[in-house]
Amino acid sequence: MGGAGLPGLGAASRRGRGGWDLSGFGLILVVQTIVGLVQTAGLLKALGPASWGTLNVAQAAGLLCTTIVTAGLGSFGASVVALTPSGGQPALYLSSVGARTRLFGIVAIVIGPLAWLLAPRDGAAAAVVACGALLAGLGGAWYFVGRGQPGRWLMIEVLPLAVGTLVGVAAALGTGAALAFALPFFAGAAVAAIRVLRAVRCDLDVEQSPVGELAVRTYLRENSTLLAAGLAGGVNSYGSSLLLAATGSPQVPSFLLLDRMVKYVIAGAAPILQVVQRWVPAGSPEGLRSRGLRALGGAVVGGLTAALCFGLLAAPAATLLSAGTVTVDSSQVLVFSLLVGVLLVTQVNALAVLVPFGGRNELARSTAAGAILLVVGGLVAGRLFGPIGVVWTVLAVEAGILGVQITTVLRTRHPGAP
């Protein structure tokens, strides 16, 4: 499980002292994209748009709540790990395992029954999928990204998740039952979490780093700023799916499909983001500002390009994924295209630039304010204008957050690590 033979991985990479090249993360992108597309197309065919939408919303709810389990480290932990000396990285991860496990149990007790009750159909499957997605809070993506170990992340966590998802899709196609997908999906997530824990413990043995277990209160208190920023960011990322579902409109499946496609694009940029998250803080302190501004400039160019491509390809892609059962119109494509561009720039600026610049407090305040505006504005706009009002609200809020955060970055003349 050391990642030998995978692209871009040598001994230095396996030890977390290098090897954070694009090729290793690109391989993970290929796997995750293929699995995501198969999941979307397969479940639309097996279950139909309504049941697919139910499971999609349940998964979004679970992923949103992982921020509570990780206390924000799921979003910002890669930069924290990269800034931690190599010998202390396994201890940093392992010290939170007990707290994260207890938080998982607490959140699962709430989200599972809630997903069951709120699902108009397939309640049991929705509960299992929500809890399966919540298991990502016990995973190690942020640990492996921070150490620059894409090969280990792929073998230890990504592949078990992929296998569970694909087995679930095959089972759903064979039976037409949503629960047939949910159970293997949950099993794959559970296996991935166990494998991550075993792998990090092996790192601790090799590097002989001491570790002390954090109590839940201590864990949440020490990461309170990251928790606030991560939770608000989670609302901004996954709240759109929940708000769209809350409108109860017949158009919800088409909006959810476009929302899902936006997330595929964001995931497609993940290898670049993961490399930049490590690259910006890893060099000399004197060059930190220069590296951050270069990363931000590249993100703007990439965001504009992605928005244009999304606008051209979204409609035929939606028809292809749904086998013609879901159609989208030009007004929907326009707003989601703009959202793609804004989100890509926000991701790089917030996770790879603002955190190393020491802007955790600014990040927390802006994302928290944005989350409140999104929920309140989304509910009002959804009631008045339906799903399209929700998405325009999301776009306006995200653009506002980006403006505030970019201003903070440009005003930081002498950035320092948090």
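Miscellaneous remarks
- For the chain, the C-alpha radius of gyration divided by 2.2 N^0.38 Å, with N the number of residues, is 0.93.
- P(r) tail for the stretch 233-283: Cα pairs beyond 12 Å make up 70% of the total.
- What you get for the chain, charging only the Cβ of Lys and Arg (+1) and of Asp and Glu (-1), is a dipole of about 540 debye around the Cα centre.
- Projecting the alpha carbon convex hull of the stretch 265-418 along each direction and taking the average yields 9.5 nm².
- Just checking the listed ones, 174, 302, 74: in the Gaussian network model of the chain with Cα springs under 10 Å, the one fluctuating most is 174.
- Mean accessible surface per residue for the chain, computed with a 1.4 Å probe while every protein chain stays in place, in Å²: 40
- Accessible-area ranking of 363, 313, largest first, probe 1.4 Å: 313, 363
- Gyration tensor (alpha-carbon) shape descriptor, the stretch 92-199, a/c threshold 1.5: oblate
- Legend: helices of the chain (whole DSSP H runs) are marked when their alpha-carbon atoms reach 20 angstrom or more along the helix axis and their mean Kyte-Doolittle hydropathy is at least -0.5; marked are 22-70, 97-118, 159-175, 178-207, 224-247, 252-268, 288-321, 330-347, 360-385, 387-411.
- Here the relative contact order of the chain, from alpha carbon pairs under 8 Å that lie six or more residues apart, stands at 21 percent.
- Computed from the Cα positions only, the extents of the stretch 141-205 along the three principal axes stand at 45, 18, 14 Å, in decreasing order.
- Local electrostatic count at residue 253 - Lys and Arg +1, Asp and Glu -1, tallied over other residues with Cβ under 12 Å: 0
- Compactness index (Cα Rg / 2.2 N^0.38 Å), the stretch 108-162: 1.45
- Here the stretch 322-403 is treated as an ellipsoid with the same Cα gyration tensor; its semi-axes, largest first and in whole Å, are 28, 17, 9.
- Here the accessible area of the stretch 105-206 is 75 percent carbon and sulfur, with a 1.4 angstrom probe and all protein chains present.
- Of 384, 159, 29, the one that fluctuates the most in a GNM where the chain has Cα springs shorter than 10 Å: 384
- Per-residue accessible area (protein heavy atoms, 1.4 Å probe) orders 155, 261 as 155, 261, starting from the largest.
- Computed over the stretch 360-418, the convex hull of the alpha-carbon atoms projects to a mean area of 4.0 nm².
The values are calculated or read from the model by the stated rules, or taken from the named source; none is laboratory data. All of these numbers come straight from a predicted model, not from anything done at the bench. Virtual Cβ from ideal backbone geometry, glycine too; neighbours counted across all protein chains shown. Remember, those area values only see protein heavy atoms, side chains included, never the ligands or the DNA or RNA. Shrake-Rupley method; radii C 1.70, N 1.55, O 1.52, S 1.80 Å.
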